[in-house]
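Undergrad: Got a structure here, written out as structure tokens. Questions coming.
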């Protein structure tokens, strides 16, 4: 704890991954959880594209951490940030981490910090993978006002994933037929019936299995040879209230009367306590 008995917060920013214009938002967001004791920005500071970070670092009292590029086309920013984060974690004295990045590679770091019993905050753009968002106690999107859901660019894979989430759920439930898992081939066949123009590349994925893994609430079942032939819902997935957004609820309402009630029936079986669904005609 800090002298004022406030939780101590470490703010770690991936300078390659976040715009310097967002540093004020990051600071205000993290300050809601305590005193910003550790403030660091990581990047290859020989690059001209990162030059504007230097002035912002002075204004907000951040330390610039050099992450040199040893191989053309590859940076070491994420490695430097992760190493520092683990050193800080094991050193003690910090109650909360705020990781500012949109890169899904930080997901395991967020999970590790969370497992140690510390609060994990995230900050990034709308393209941030759902797995990283779900690993944080709170994730704030760039430009997002507190309590307001961010608007995603209509050309982003994340926009299409969020838009079509009810159909992914429906395809799985139809293929699973009341079971905990379903063959990927049947899920794909059902998706094509629900969405005749379905294209996997639209979601930024190469395979259907990769898409369902990206949804975070599912996991792949692989054979001894490592081939993924089945997909199942994670047993520890949080309740349906969190799994389905308000936009998804409104979209599901537009499904046929029969499909709507079939959807509710499956979810009440999957979640015995019952999802908190508040349907509206909006």
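Laboratory data are not the source of any read-out in this text; all were calculated from the coordinates shown. All values derive from a computational prediction rather than experimental measurement. No Cβ is skipped: glycine too gets one built from the backbone with ideal geometry, and neighbour counts run over all protein chains shown.
Undergrad: I want to check the label-to-label distance for residue 28 and residue 198. Put each point 7 Å from Cα in the C-beta direction and report it in nm to one decimal.
TA: Placing both labels 7 Å beyond Cα along the Cβ direction yields 4.2 nm.
Undergrad: For residue 83 paired with residue 63, estimate the spin-label separation in nm (one decimal), with each label point 7 Å from Cα along the Cα-to-Cβ line.
TA: Roughly 1.5 nm, to one decimal.
Undergrad: At a 10 Å Cβ-Cβ cut-off, how would you order 174, 77, fewest neighbours first?
TA: Ranking 174, 77 by Cβ neighbours within 10 Å, fewest first, gives 174, 77.
Undergrad: Just want to confirm a number: the relative contact order over segment 8-141, from Cα pairs under 8 angstrom separated by 6+ residues, in percent.
TA: Numbers: 233 pairs, mean separation 35.0, N = 134.
It rounds to 26 percent for segment 8-141.
Undergrad: Label-point separation (nm) for residue 116 and residue 138, each offset 7 Å from Cα along Cα-to-Cβ?
TA: 2.2
Undergrad: Another question, if that's okay. Between residue 71 and residue 108, what FRET efficiency comes out of the Förster formula 1/(1 + (r/R0)^6) with R0 = 22 Å and r the beta carbon distance, rounded to 0.05? Display every interim value, and only then the final one.
TA: Details: r = 22 Å, r/R0 = 1.01.
Approximately 0.50, to the nearest 0.05.
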